[in-house]
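First comes the structure, then the notes that go with it.
The values are calculated or read from the model by the stated rules, or taken from the named source; none is laboratory data. What you see is a predicted model; the values in this text were computed from it and never measured. All Cβ positions, even for glycine, are placed from backbone atoms using ideal geometry, and neighbour counts span all protein chains on display.
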Amino acid sequence: MARLRNYTKHPSNSLLPLGLLNFFIYGTMVIFAAFFQLYLLDVGMNKLEIGSLMAIAPLVSFFAHPFWRYLSDRSQNIRIILLIMLTGLLIAGHMVFQVNTYNMLYFTMILLYFFQSPLLSQSNSLILGYIEGTDLKFSTYRMWGSLGWTLLALAAGVVIDQVGHNGISLLFSMTLMLAMGSALMLPSIRKTTNTPWLKSTEIARVVQNKYFIAFIVFGVMVSIPNAINTIFMPLFMNDLGSSRLEVGGAVFLSTLFEAGAFTLLHRFLKRKMTYLMACITIVSLLFALRWQLMSLASTPLQIILIQVLHSVTFGGFFYVGTQLIALLLPRPLRSSGQAIYTFALSGLAFILAGFLGGWLFQSFGAVIMYRIGVAFTYFGAAGFAAMWYRIYYSGYSPISSSEEP
């Protein structure tokens, strides 16, 4: 750590590459998340095929995360592991844009997801390793990532409009190489992730908690339409005649106020279970309103404006949900509970959204797809309201089923 301390005497300059690394990693992610579906559409895939291809990402990440986590802990050098991942992602990305058969496309996408899916968790661990023992804050570098996601989404739309769909491959490669260059400029550091591995006994105790399971089920119901929108909103805009710049603008506005929303929620929300249950019910109803508006949209501009609600709906749902998991479970089980919560709402919901959303969009169109999303969200909101009613009148103590008398 002596060498690191020498670099952190002037942290604003010495760890600038750390901010740039996060900026370009998030920029790479948004180029893929916002525009890759449009590339697949341009090369001849239909909505169901696109949805099924995107849905395999969480399945691959289920195996990729522990693999790269193990290598990081074994090597005690997260920076080198991250560079290997970025290099592998660059090669896999190049292969994805060169293949000309569906079988090879699915194979190369599995390879790409293997390198891409754990990238954010590894970069977060790297940031925590560098700022440990300094006055630097994780939120500062997280803000660099938000800027990369927001600004490069807008810039990518301009470039792709000018160059064509081949511009996606160009931008993807360029931002990856800039991320690799930023990582190479960082000082050496030997650190592990310092995050304990999940234990099967803890997971078993968590899933015995009936309130937790109910919360996860209702959360997945609300999250499926959100994941459907993430995958298929660019395709819906394309059907309405949008440019790639307008797609980038929709993504830009969806995240522009996200940091502000998290700050306000952290400052003003009370950490009380009944209060938070009421909040997540209201946020779920706002989600339903958002999908209803999407089903009525008839121009790209309307979709761009509706995306402003993302900061309130997704930001509120994610923040309040995380707080509630901590209140639903006793302290020793919270890390396992958060892991299950994250996988269910980001992984399982995304898998279901890819297949269900693709089938609905392909068979019935975007309007029916979003109206089905409204129904799913109402179901989840009703479940949260029922949980609020039960807890409000009967109370709740954060114990697992195995500990109940």
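Take the stretch 205-254 and flag every residue that is of a type in the set (Phe, Trp, Tyr) and farther than 25 Å from Met45 by Cβ. Scanning the stretch 205-254 gives Tyr211, Phe212, Phe215, Phe218, Phe252. Of the candidates Met233, Met273, the single residue that is out of contact with any Lys or Arg (no Cβ under 6 Å at 6 or more places or on another chain) and at pLDDT 95 or above is Met233. Screening the candidates Ile50, Ile91 for the property of being assigned by TED's automatic domain parsing to the domain that holds Thr175, modelled with pLDDT of 90 or more and over 26 Å from Ala227 (Cβ atoms) yields one hit, Ile91.
Checked across the stretch 297-319, the condition of being farther than 25 Å from Ser242 by Cα, modelled with pLDDT of 95 or more and either basic (Lys, Arg) or in the same structural domain as Trp388 (by TED's automatic domain parsing) (or both) holds for no residue.
Of all residues in the stretch 341-362, how many are modelled with pLDDT under 90 and either farther than 30 Å from Asn46 by Cβ or not assigned by TED's automatic domain parsing to the domain that holds Leu285 (or both)? Number of matching residues: 1. The residues listed here are Ile189, Ile160; of these, the one that is among the aliphatic types (A, V, I, L, M) and in a helix (DSSP H, G or I) is Ile160.
Only one entry in Thr255, Thr201, Thr263 is closer than 25 Å to Val283 by Cα, β-branched (Val, Ile, Thr) and without any contact (Cβ under 8 Å) to a residue 40 or more places away in the chain, namely Thr263.
Candidates are the residues of the stretch 128-160 that are at pLDDT below 90 and touching a Ser or Thr at 6+ places or on another chain (Cβ under 6 Å); the one that is surrounded by the fewest Cβ atoms within 10 Å (Cβ to Cβ) is Thr134. Each residue in the stretch 83-115 was checked for being hydrophobic (A, V, I, L, M, F, W, C), outside any helix (DSSP H, G or I) and free of Cβ contacts under 8 Å to residues at least 24 places away in the same chain, and 1 of them qualify. Using the structure shown, decide if Tyr113 is of a type in the set (Ser, Thr, Tyr), surrounded by 23 or more Cβ atoms within 10 Å (Cβ to Cβ) and assigned by TED's automatic domain parsing to the domain that holds Leu21. Taking the combined requirement at face value, the residue does not satisfy it.
Counting only residues that are of a type in the set (S, T, N, Q), more than 19 Å from the chain's Cα centre (by Cα) and in a helix (DSSP H, G or I), the stretch 289-311 holds 3 of them.
Among residues of the stretch 48-69 that are more than 18 Å from Ala33 (Cβ to Cβ), those with a beta-carbon under 6 Å from a residue that is surrounded by fewer than 18 Cβ atoms within 10 Å (Cβ to Cβ) at least six positions away or on a different chain give the pairs Leu48/Trp359; Leu48/Gln362. For Ile80, the conditions (1) surrounded by fewer than 19 Cβ atoms within 10 Å (Cβ to Cβ); (2) aliphatic (A, V, I, L, M); (3) outside any loop (DSSP other than H, G, I, E, B); (4) touching a residue at least 12 places away in the same chain (Cβ under 8 Å) are fulfilled apart from (4).
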